[in-house]
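Participant: The structure under discussion is supplied below as structure tokens; questions concerning it will follow.
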Amino acid sequence: MKYTKQEVIQFVQEVDIKFIRLAFCDVFGKQKNISIMPSELERAFNYGIAIDASAVCGFGGEVHSDLFLYPDSDTLAILPWRPEHGKVVRMYCTIKNPDGSIFENDTRSILIRAIEDAKKAGLSFYFGSEMEFYLFKLDEDGEVTKVPYDRAGYMDMAPDDKGENVRREICLTLEQMDIVPECSHHEEGPGQNEIDFRYSDALSAADNAMAFVTVVKAIASRNGLYADFSPKPLEDKPGNGFHINISVKSENGEVISSEVIAGILKHAKEMTAFLNPTEASYKRLGVFKAPKYISWSSENRSQLIRIPAATGEYKRAELRSADPSANPYLAFALLIYAGLDGVLNKLELPKETDFNFFTMPKSVVNEYEMLPQSLEEAKFIVSESEFIREHFPSMLIRTYCRKNDK
């Protein structure tokens, strides 16, 4: 739901709101927030709320350390798991410099700029997220263990699937925040779960992906569990994927697909450091259906991009390499720019690869280009990439290229 600044101020006054969380994330997508009282809300809208940028990864050093959070009134949401009396609301923020200009490493603003660039080209991008996570038990001291909440498998049912009620609570909480989940189920790993979202515009999809992680962690904690979104929580089990469904429409409503996919395939290696930004990310790629090669196919789950069986408005392309350690604002921005390159330069889609990479002999698969096999390789490719330099600020690129892990 869209709100004006004045409507938010009025809502806060009328609905017994006691705390307003101003939310943002660092360059790697780690979520942050500061809580203000209702009396400070008008100041936040007009002048911003100051933060110490030197304490946030990728936001700068001690010399120029002041940045300001300006809440986006359109993102107002009540946090349903907080107390009924003295409610808490959250808004995502634009991050600005003291002179009022947009901070160059504000990743949400980077995505907004990508959306605007696509609009100038007459294109609208839509994304749907499929994000996997494990539920682990806590020990008697409340510390996290690696003991899965259950030993169920793919789409198993209760009582084997112990996460059923937790997922139900997550979905109901998301609905209260006007975020619409499509479906939920147990995944292949023990204690592994997945909740999928209906596609939406790029900014809403990224905001919802951030909110989803917050909700899952909060609900898991309330149930005495820990939700783990890392790429490879258990060494010998499936990793957590962040499968991204992509659809693109022109101004006349035409669905664009092949050129967009061609652009994403062209820039796949350059984007990998941002889609898979941790050392653990590369333990996931190439095993348990996670892709290793740059290829596409209809329905085939061993490919980097697959075209799921669907018709009409549900037809889309699914990118399968990203994992939940990715910053969704940067991931979606890159996919927009890669897709734009494909459309504007009328790139041709390579031949469809309709076989299972996991069962084919090496003599066949070695003919295909691979994704980077390590974080260091991925960072080196970024450092040499004209495509990345064209669309991301140098400060952001330096942060990703020098950091060993999150």
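The values are calculated or read from the model by the stated rules, or taken from the named source; none is laboratory data. Just so it is clear, the structure is predicted and the values come from calculations on it, not from any experiment. Glycine also receives a Cβ, built like all others from the backbone with ideal geometry; neighbour counts cover every protein chain displayed. Accessible surface areas use protein heavy atoms only, side chains included; no ligands, DNA or RNA. Shrake-Rupley method; radii C 1.70, N 1.55, O 1.52, S 1.80 Å.
Participant: Rounded, prolate or oblate for the stretch 110-260? Axes are the square roots of the Cα gyration tensor eigenvalues, ordered a ≥ b ≥ c, and the cut-off for rounded is a/c under 1.5.
Facilitator: It is prolate, given that a/c is not under 1.5 and a/b is the larger ratio.
Participant: Could you name the lysines whose alpha carbon sits less than 20 Å from that of K217, not counting residues in the same chain fewer than 8 places away?
Facilitator: Correct list for K217: K30, K32, K87, K137, K146, K162, K232, K406.
Participant: Follow-up question, since we're still on this one. Which loop trypsin sites (Lys or Arg not before Pro) in the stretch 11-110, with loop taken from DSSP, have no more than 16 other Cβ atoms within 10 angstrom of their Cβ?
Facilitator: Values: sites: K18, R21, K30, K32, R43, K87, R90, K96, R108; in loops: K30.
Hits after loop and neighbour filter: K30.
Participant: Would the stretch 72-127 count as rounded, prolate or oblate if I go by the C-alpha gyration tensor, calling it rounded below 1.5 in a/c and otherwise prolate when a/b exceeds b/c, oblate otherwise?
Facilitator: Values: a/c = 3.79, a/b = 1.64, b/c = 2.30.
Oblate, since a/c reaches 1.5 and b/c is not below a/b.
Participant: With a cut-off of at most 16 other beta carbons within 10 Å, and DSSP calling the residue loop, which GluC sites (Glu not before Pro) in the stretch 142-205 qualify? Please list them.
Facilitator: In loop regions of the stretch 142-205 (DSSP not H, G, I, E or B), the sparsely surrounded GluC sites (Glu not before Pro) are E143, E188.
Participant: Starting from the stretch 291-375, pick out the trypsin sites (Lys or Arg not before Pro) whose DSSP state is loop and whose Cβ has at most 14 other Cβ atoms within 10 Å.
Facilitator: Details: sites: K292, R301, R306, K315, R316, R320, K346, K351, K362; in loops: K292, R301, K315, R316, R320, K346, K351.
Filter output for the stretch 291-375: K315, K346, K351.
Participant: Taking amide H positions as placed in the peptide plane 1.01 Å from N, state which residues far from K292 in sequence (5 or more) or on other chains have amide H under 5 Å from it.
Facilitator: Those qualifying (amide H under 5 Å, at least 5 residues apart or on another chain) are G286.
Participant: Where Lys and Arg each count +1 and Asp and Glu each count -1, what net charge lies around P233 among other residues with Cβ under 12 Å from its Cβ?
Facilitator: Working: positive: K146, K232, K237, K283, R284; negative: E132, E187, D228, E235, D236, D323.
Here the count lands on -1.
Participant: When only the heavy atoms of the protein chains count and the probe is 1.4 Å, how do I20, I115 rank by accessible area, highest first? Please list the in-between numbers first.
Facilitator: Working: I20 0, I115 55 Å².
Correct descending sequence by accessible area is I115, I20.
Participant: Something else about it: How many angstrom separate the Cα center of the stretch 116-142 from the Cα center of the stretch 68-89?
Facilitator: Cα centroid to Cα centroid, the span is 20 Å.
Participant: Next up: Rounded to the nearest 500, what is the 222 nm mean residue ellipticity of the chain from helices alone, with -39500 (n - 2.57) per DSSP H run of 4+ residues and division by all residues? Don't skip to the answer; put the middle values down first.
Facilitator: On the way: 13 runs with 131 residues, N = 406.
When only DSSP H runs of four or more count, the value is -9500 deg cm²/dmol.
Participant: While we're on this one: Would you list M360, M271, M37 from the most to the least accessible area, probe 1.4 Å?
Facilitator: The ranking, largest first, comes out as M37, M360, M271.
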